[in-house]
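Nothing in this text is a laboratory measurement; each read-out follows from the coordinates by a stated rule. Given the structure is predicted, the values throughout are model-derived calculations rather than measurements. For neighbour counting, all protein chains shown are included, and Cβ atoms are generated from backbone atoms with ideal geometry for every residue, glycine included.
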Amino acid sequence: MAFAEYELVVSGGRVMDPESGLDAVRHIGIRDGKVEALSETPLSGDEVLDASGLVVAPGFIDIHVHGQHAAGYDYMARDGVTTALDLEAGATGLDEFIEDRVGKARIHYGVAAGHIGSRVKVKHGLSPGHVLTRQLEGGFLSWILRFVQRWFRPTGWINEPASEKEREEIVSVLDEDLAAGAIGIGMGIAYTPGADREELKAVFELAARRGVPCFVHMRMQSSPTDTSPLEQVIGLARETGAALHIVHVNSSSLAAIESNLASIEQVRAEGLDVTTEAYPYTAASTMIETALFDEGFREKRGVDYGDLQWVETGERLTEETFRKYRAQGGPVILHMMQPEWIEVAMAHPLVMIASDGMPMVPGAHPRGAGSHARVLGHYVRERGALSLMKAIEKLALMPAQRMEAFVPDMKQKGRIRVGADADLAIFDPATVRDRATFEEPLQYSEGIPHVLVDGVFVVRDGELVDLDEGAAPGRGILAHH
Ligand SMILES: [Zn+2]
């Protein structure tokens, strides 16, 4: 009997590595959670997975996920995701976020230092900290946004500017989490109109000092073609020297998508470090009680009440039901983007894919379950909007490259080479597809039969693997400055 050199061999798959351009049948030898061999000839292992006919890609890295809970990780794993980070809302109290998940997470996890949370903490003497990232009433985002509506609106942390002292405290709360390993600074400035330019500048200056990006949900447009929100944050990046990442450029640009992407290309050519992401759907999702639905939202977004879909019942709204639900509060889906805008974003070489996945509860936006398979099935196979290799680059390599200067783990993720982490998404390019819909979002993607995290199967033969408490392979991903 041959000596088994590797713990696991992934044999005969079409290995696609966007960094080296490798696209060929290879045999992958895995030991201690790492890729140790990438061979043209068969290898022997304690266990051999026959991957013939399947694509073997680096596991997908989603940098914008709010559904940081066990069920959320299940849906993401079935969608090929091996690392789920919330770099937009982030957390306040990084240690608790990590401690809550040690040994329990199917996939890798991490967060940014959250500007929203720091504002709540400083302006209200509260420490939303880890509570922000726990799953109350179907998710922290829903919880925090309800919190906003019920207790603090309109006089609280949303609309009030910070005093000089508060501004310094906000910066120091953020800096504590950065020192503990938070991945950059997450900013939802569309949700905090009270944060004035001085405050935003102070936060950007902190990012520049720490050498990390600000991951920003920009201010709301005054019309679907308004480009001033992008100009504002680029101005801050230019003035402070901070790196900038624009979250969901699709829903934050609407009809200005092409001109915004052109602006990002242009400032990059000037040497600014600006990146962006999009999710592959024509509808957005958020909470109906937030500042995003203040007076004038129909003109600003170019929508009407009937473009709003109430998550709890699936109904389209009228002026009357809009008022009723806004007083009540809760998640809503906003159908406001044209299919061609999304195709522009998917095809654009600068745009990485991130889901903005919400906590997976009945009626949630399907992007939390299907974003990655949707890119591969709909945009690559059906629409031909981009090549398979380019898609894998956007799903895995580009997110890793965005962080590798300050997150050491990222140097070994997003690619398949000797020494890389054995995080792998193994899928059938002919059948991979999303099944989650706006009507029935709680459906796993299909055509991704095997997913490995640090060399451990978390999805096998198309099923989630039962993981014992303490045996789950997901690790906390931390930055080092
Ligand atoms: Zn988000």
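Figures for the structure shown
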read-out	value
Rounded to 5, the percent of DSSP beta bridges in region 19-84 classed as antiparallel	60 percent
DSSP-defined antiparallel bridges as percent of all bridges, the chain, nearest 5	50 percent
Efficiency of FRET from Cβ geometry, ALA347 and THR321, R₀ 41 Å, rounded to 0.05	0.65
Length released on extending from ASP23 to THR282, taking residue separation times 0.36 nm less the Cα-Cα span	90.1 nm
DSSP bridge pairs, region 190-324: antiparallel proportion in percent, nearest 5	10 percent
Geometric extent, Cα atoms of region 253-333 - Rg, Dmax (angstrom)	16.3, 50
FRET E, pair ALA255, VAL418, Förster distance 35 Å, beta-carbon r, rounded to 0.05	0.15
Angstrom value of the Kirkwood radius, inverse mean 1/r, which spans all Cα pairs in region 60-410	20.0 Å
More than 15 angstrom apart: percent of Cα pairs within region 400-459	63 percent
The chain: angle of helix 228-240 to the longest principal axis, Cα-based, in degrees nearest 10	80 degrees
Listed residue pairs exceeding 23 Å between alpha carbons, taken from LYS121/LYS413; LYS165/LYS201; LYS300/LYS390	LYS121/LYS413; LYS300/LYS390
Sequence of VAL456, VAL111 once ranked by neighbouring C-beta atoms within 10 Å, starting from the fewest	VAL456, VAL111
Nearest 10 degrees, 0 to 90: helix 257-269 Cα axis against the chain principal axis	70 degrees
Computed helical MRE - 222 nm, the chain, DSSP H runs ≥ 4 contributing -39500 (n - 2.57), nearest 500	-8000 deg cm²/dmol
Excluding exposed DSSP-loop GluC sites (Glu not before Pro) (at most 10 other C-beta within 10 Å), longest clean stretch of the chain	41-269
Charge tally in the Cβ shell below 10 Å around GLU19, where Lys, Arg are +1 and Asp, Glu are -1, GLU19 excluded	0
Between 0 and 90°, nearest 10: helix 115-124 axis offset from the chain longest Cα axis	40 degrees
